[in-house]
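Heads up: the structure comes next, in structure tokens.
The values are calculated or read from the model by the stated rules, or taken from the named source; none is laboratory data. Note that this is a predicted model, so its numbers are computed, not measured. Heads up, the Cβs are rebuilt from the backbone with ideal geometry, glycines too, and the neighbour counts pull from every protein chain shown. Accessible surface areas use protein heavy atoms only, side chains included; no ligands, DNA or RNA. Shrake-Rupley method; radii C 1.70, N 1.55, O 1.52, S 1.80 Å.
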Amino acid sequence: MTPALRLIYFDFPFWRAEPSRIALFIGDIPFEDVRPSREEFLRMKRTGELPYGQLPVLDVDDVRIAQSVAIARYCGKVSGLYPSDALQAARCDELLDTATQITQDLGPSMRSKDPEEKARLRQNLAQKIFPRWLGMLEARLEANGDNGFFVGESLTMADLIIWRLLGWLRGGILDGIPTDLLDPFPGLLGHQETVGQHPGVVAWMTRDTTP
Ligand SMILES: N[C@@H](CCC(=O)N[C@@H](CS)C(=O)NCC(=O)O)C(=O)O
């Protein structure tokens, strides 16, 4: 019997949960899409019901799973968007771990309370750290051929996660990080379009969300 799935994350399309939501949607796997407010999250944190005090979490029947990448792998597996071949799966994992690492690089500037230090950290990210990461990602994309995907011949969790990660980085919501960040990387720009125009992704974005 198909387990009951409940994916809990804030109401924004960040890479830590949105690709898992989209994968389940594309795979036509029913799930409860729970989007708690900050207050509800703090209550969950206080009561100790979050294994590591953070979101996302995924409930599979009565088993709670935490950690974004573990959740993404599970959702990818049940939706057919995670390779069954061990080597292709490892190539997919590589991109998932890279998303975590790039996100961690933003940590110091996110936590900084000193505006000058924050601006300096962001400048370093925009001019040095992110371009270095993006160049390496561009090379990994090219190494898979010219089909526009990171792994194999079709959309995987790696594509959904890098798409949302880069969409966030260049989305204009991070002070000091320019929206033209991807311009020197035509492969990654093309990848943003390929994933954004994937029929399953378009169907998710244009779905009826009225209650
Ligand atoms: N290692 C965790 C990190 C999760 C994480 O940083 N979650 C953030 C939201 S994006 C969170 O819950 N922040 C609130 C807090 O830590 O109090 C994962 O991979 O899921």
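What the table shows:
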quantity	calculated
Candidates Ala99, Ala89, Ala119 - the one that is open to solvent by 50 Å² or more (accessible area, probe 1.4 Å), on the phi < 0 side of the Ramachandran plot and not acidic (Asp, Glu)	Ala119
Residues of the stretch 168-211 satisfying the condition of being closer than 22 Å to Asp146 by Cα, open to solvent by less than 20 Å² (accessible area, probe 1.4 Å) and not in a loop (DSSP other than H, G, I, E, B)	Leu188, His191, Gln192, Val195, Gly200, Val201
Count of the stretch 58-78 residues which are in contact with a helix residue (DSSP H, G or I) (Cβ under 8 Å, 6 or more places away or on another chain) and not in a helix (DSSP H, G or I)	3
Among (1) more than 16 Å from the ligand (Cβ to nearest atom); (2) polar (S, T, N, Q); (3) assigned to a helix (DSSP H, G or I), the one test that Thr103 misses	(1)
Unmet requirement for Trp204, which otherwise passes all of (1) assigned by TED's automatic domain parsing to the domain that holds Thr98; (2) touching a residue at least 24 places away in the same chain (Cβ under 8 Å)	(1)
First in the stretch 37-49 and over 17 Å from Ala66 (Cβ atoms) and in the same structural domain as Tyr9 (by TED's automatic domain parsing), second anywhere and of a type in the set (Lys, Arg) and open to solvent by 90 Å² or more (accessible area, probe 1.4 Å), Cβ under 9 Å, 6 or more apart	none
Hits in the stretch 3-18 - residues which are open to solvent by 60 Å² or more (accessible area, probe 1.4 Å), of a type outside the set (Lys, Arg) and in contact with a strand residue (DSSP E or B) (Cβ under 8 Å, 6 or more places away or on another chain)	Ala4
Any hit, the stretch 107-116, residues being under 17 Å from the mean Cα position of the chain (by Cα) and either within 16 Å of the ligand (Cβ to nearest atom) or farther than 21 Å from Pro131 by Cβ (or both)	yes
Residue match in the stretch 13-26 (condition: of a type in the set (Asp, Glu) and either touching a Gly at 6+ places or on another chain (Cβ under 8 Å) or within 12 Å of the ligand (Cβ to nearest atom) (or both))	yes
Criterion (more than 17 Å from the chain's Cα centre (by Cα) and open to solvent by 20 Å² or more (accessible area, probe 1.4 Å)) met by exactly one of Glu32, Glu94	Glu32
Failed criterion for Glu49 (all others in (1) crowded, with 21+ Cβ neighbours inside 10 Å; (2) more than 9 Å from the ligand (Cβ to nearest atom) hold)	(1)
